[in-house]
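The values are calculated or read from the model by the stated rules, or taken from the named source; none is laboratory data. Since the model is a prediction, treat every value here as computed from it, not as a measurement. Don't worry about glycine lacking a Cβ; one is built from the backbone with ideal geometry, like all the others, and counts go over all protein chains shown.
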Amino acid sequence: MHFADRLLDTITRKGSPVCVGIDPVLEKLPRELQPSTNGSDEVNINEAVAAITSWTRDVLDAVVDHVPVVKFQSACFERYLWHGVEALHRLIHLAHEMGLVVICDAKRGDIGISSSHYAAGNLADSQLQGAGTLKGADALTVNGYMGHDCLQPFIDVAIPQKKGLFSLVRTSNPGGDRIQTLKLADGRQMVDEMATFIAELGEQSVGDCGYSLLGAVVGATKVEDIARMRELMPQQIFLVPGYGAQGGGAEDVKASFKEDGTGAIITASRSVIYAHTRLPDMDWKDAVAQGARELNTEIREILA
């Protein structure tokens with residue numbers, strides 16, 4: 001099944017277009033999961049990876065009944081070298097087996113053969129002997145600001161694998177404004193040209209649902225631009241970060257959706273996965289589940 005069709009089908013079955021970001025930061029894990037430093041300034045790498053692996057498994061168990069999509073922040077695992085990368089791939093496979101749509105948030109971007117290798121390593125299902133039968137992520141975030149020869153190799157892998165991509169377009173970080181809002185000679189902004197480029201490139205593979213396998217990252221904090229991005233990219237599913245802890249609210253993201261309530265996935269990380277910090281009287285796993293339910297309720301209300 002085409003990635004966009006599979007994604008919308010999962011959203012329909014779960015009843016809410018939301019995504020929980022899996023961003024393990026060792027120091028923020030519940031105290032009982034944090035490994036001992038034994039008086040050292042640094043933890044043992046194996047103990048660190050074991051802790052974030054155990055935590056991630058419990059987070060997946062807590063959210064699987066409430067959300068259709070999870071997004072793994074690759075950097076949080078890569079910092080633990082090959083130990084963390086192996087854990088990431090195994091956890092992506094686990095989430096996939098649980099019926100979740102899985103996004104690998106790695107923001108890869110290069111050209112030619114380098115992009116092809118990134119796509120093979122971060123998106124494709126493993127074809128290597130000795131690697132087992134690990135499933136790759138359903139979708140990968142990419143940085144398409146290098147242009148066509150950056151994104152096309154990813155698309156060439158995604159189409160036969162029936163995978164998806166989300167390219168950075170209008171990002172939620174304040175520093176992005178300096179580049180993305182630059183005025184072009186015709187009066188448009190840089191981000192408008194990027195949106196037009198993504199819309200055109202995405203026409204290569206459109207599902208029965210009317211959406212492309214190439215989606216767009218559009219930040220929840222850029223309220224003034226979201227509706228314009230929706231007009232420029234009618235066939236793109238928006239991955240909308242910045243909700244919750246980063247300041248984006250439910251009404252801010254409403255314009256990400258089309259009138260039929262499709263076209264966007266609202267993603268929250270810290271407000272869900274570290275909900276135990278604001279719900280200290282609850283078991284931390286129950287707090288995560290509660291955070292996921294709250295996210296669901298907030299987004300359902302604006303689409304009602």
Item to complete: State the number of residues belonging to region 60-71 that are in contact with a Ser or Thr (Cβ under 8 Å, 6 or more places away or on another chain) and in a strand (DSSP E or B).
Response: 2
Discussion item. Tell me yes or no: at least one residue of region 205-215 is of a type in the set (A, V, I, L, M, F, W, C) and crowded, with 24+ Cβ neighbours inside 10 Å.
Written reply: yes
Item to complete: Might you let me know whether region 74-96 holds any residue that is among the hydroxyl-bearing types (Ser, Thr, Tyr), within 22 Å of residue 18 (Cβ to Cβ), in contact with a Cys (Cβ under 7 Å, 6 or more places away or on another chain) and in a helix (DSSP H, G or I)?
Response: yes
Worksheet item: Of the residues in region 81-116, how many are surrounded by fewer than 20 Cβ atoms within 10 Å (Cβ to Cβ) and free of Cβ contacts under 8 Å to residues at least 60 places away in the same chain?
Response: 18
Worksheet item: Any idea which of 197, 154, 166 is at pLDDT 95 or above, under 27 Å from residue 1 (Cβ atoms) and outside any helix (DSSP H, G or I)?
Response: 166
Discussion item. With the requirement that a residue be in contact (Cβ under 8 Å) with a residue 40 or more places away in the chain and either among the basic types (Lys, Arg) or more than 22 Å from residue 74 (Cα to Cα) (or both), what does region 242-263 give you?
Written reply: 248, 250, 251, 253, 254, 257, 261, 262, 263
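Residues checked against (1) basic (Lys, Arg); (2) buried (at least 20 other Cβ atoms within 10 Å of the Cβ); (3) not in a helix (DSSP H, G or I):
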{"position": "5", "(1), (2), (3)": "no, no, no"}
{"position": "9", "(1), (2), (3)": "no, no, no"}
{"position": "21", "(1), (2), (3)": "no, yes, yes"}
{"position": "24", "(1), (2), (3)": "no, yes, yes"}
{"position": "32", "(1), (2), (3)": "no, no, no"}
{"position": "47", "(1), (2), (3)": "no, no, no"}
{"position": "55", "(1), (2), (3)": "no, yes, no"}
{"position": "58", "(1), (2), (3)": "no, no, no"}
Fill in: Single match in 187, 202, 215 (criterion: assigned to a loop (DSSP other than H, G, I, E, B) and either touching a strand residue (DSSP E or B) at 6+ places or on another chain (Cβ under 8 Å) or without any contact (Cβ under 8 Å) to a residue 24 or more places away in the chain (or both))
187
